[in-house]
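Structure record follows, encoded as structure tokens.
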Amino acid sequence: MATTLQRSRPARNREALKPAIRERGRALGFDVVGFAAPDLPRAIQSAYRRYIAEGRQGDMAWLARDPERRESPSQLWPGARSVIALGMNYGPDADPLAALARRDRGAISVYAQNRDYHDLIKGRLKQLAGWLHARCAAEAKVFVDTAPVLEKPLAQRAGIGWQGKHSNLVSRDLGSWLFLGEVLTDLDLAPDPPEADYCGSCRACLDVCPTAAFPAPYQLDARRCISYLTIEHQGHIDREFRRPIGNRIYGCDDCLAVCPWNKFARTATEAKLQARDDLRAPALADLARLDDADFRALFAGSPIKRTGRDRFVRNVLIAIGNSGERSLARVAEERLSDASPLVRAMAVWALSELLDLESFAALAATHRSAEPDPEVRAEWRQASA
């Protein structure tokens, strides 16, 4: 998303303004501020084109839309002279992987355990853009990651961090936990030195991935990524990925959490980015019983709300199937009559994982022939085979 502020008089070289911009950015809650030219090397543009050509973006159609605009900020806005890249720390206050051991509970990605960062970051960026306009009549456009900007390469060129082997940004000062935003401006500001790559021979992030989503270092196939599957993927999740998902019901932090540079990470100071107690490891039984109104109320202001109730409960039922908790079979059985075929299908799978063959066969005899949706009937057949 972008916001434009029109200038009232021509912008001039403002190199002396850089320290003031950093100070203002930090006053607005950003932990790091860097500057880059509004272009990207041809190698990065080519890598992006290959990613799209191979279809690794999956259902995320916006990544393939208008690729020439996404390849470089100067293509997006020819009037841009500089990029101000900013990062806000959202470091957790506890081990983000601890919830994975609590099989009757759901694991929610650190970034989604409180307010939607898009709204928070956008508001702060607009304040910075307004300050630039008031101070020196600069024109500015602000972006968060829903806009057509390759923000991680820009952040690396601005010296904020580098793209690690998991393709996410890593900071020597803050580890893996950074939200990014950009302000494009017509101010002519000298770029900062780009950050070097400090991954070395480490491959912890690649080896920990439960679904082998990294074809090679620095490459991600989103179609195999648990974050993509549980957040962006709109349909049924392939059986290949269901058991590896474990109890991850929204996102996955594994590759971020194991990065050795997190020894320098610190807990987020922004209250809206600190975990809500009820979202640290919520009970799967409670989440599976959410109707649409309950879902919207629980996740008001949260990024989880955008996924929608049906996809979220789909994820919860996969986690229930992986829990090994026979007592949760009753909860899954309740969802066999859910209005959503997506939910009913995952209820079938969960029950096939939790029940013995005789008990599951009895359920199938009752429900399979009455199931109106062909994909859910196919799930019954596969689970009964």
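Using Cα pairs closer than 8 Å and at least 6 residues apart in sequence, work out the relative contact order for the chain, in percent. Mind showing how you got there, number by number?
Details: 731 pairs, mean separation 78.3, N = 385.
Computed value for the chain: 20 percent relative contact order.
Would you calculate a helix-derived [θ] at 222 nm for the chain, using -39,500 (n - 2.57) for each DSSP H run of n ≥ 4 and dividing by the full residue count, to the nearest 500? Kindly include the intermediate steps, with their values, before the conclusion.
On the way: 16 runs with 142 residues, N = 385.
That calculation yields -10500 deg cm²/dmol at 222 nm.
When I320, I121 are ordered from fewest to most other Cβ atoms inside 10 Å of their Cβ, what list results?
In increasing order of surrounding Cβ atoms, one gets I121, I320.
Rg and Dmax of the chain over Cα atoms: what are they, in angstrom?
22.8, 78
Under unit Cβ charges (Lys, Arg +1; Asp, Glu -1), what dipole magnitude, rounded to 20 debye, does the range 283-385 have relative to its Cα centre?
Value, rounded to 20: 320 debye.
What's the angle, to the nearest 10 degrees (0 to 90), between helix 42-53's Cα axis and the longest principal axis of the chain?
20 degrees
The range 213-259 to the range 289-356: how many Å between their Cα centroids?
Here the two parts' Cα centres lie 18 Å apart.
If you take the alpha carbon radius of gyration of the range 283-385 and divide it by 2.2 N^0.38 Å, what ratio comes out, to two decimals?
For the range 283-385, the normalised Cα radius of gyration comes out at 1.06.
Go through the cysteines of the chain and tell me which have no other cysteine Cβ under 4.7 Å away.
Result for the chain is C136, C199, C202, C209, C225, C252, C259, no neighbouring Cys Cβ within the cutoff.
Quick one: order M346, M60 by neighbouring beta-carbon count within 10 Å, fewest to most. Before the final figure, lay out each step's value.
On the way: M346 30, M60 15.
Ascending Cβ contact count within 10 Å gives the list M60, M346.
Sort the following peptides by mean Cβ neighbour count (other Cβ atoms within 10 Å, averaged over residues), highest first: 94-101, 330-337.
330-337, 94-101
Once the Cβ-Cβ distance between A134 and D197 is put in as r, and R0 is 45 Å, what FRET efficiency do you end up with, to the nearest 0.05?
On the way: r = 38 Å, r/R0 = 0.85.
In this case the efficiency is close to 0.75.
Laboratory data are not the source of any read-out in this text; all were calculated from the coordinates shown. Just so it is clear, the structure is predicted and the values come from calculations on it, not from any experiment. Reconstructed Cβ throughout: ideal geometry from the backbone, glycine too, with neighbour counts over all protein chains shown.
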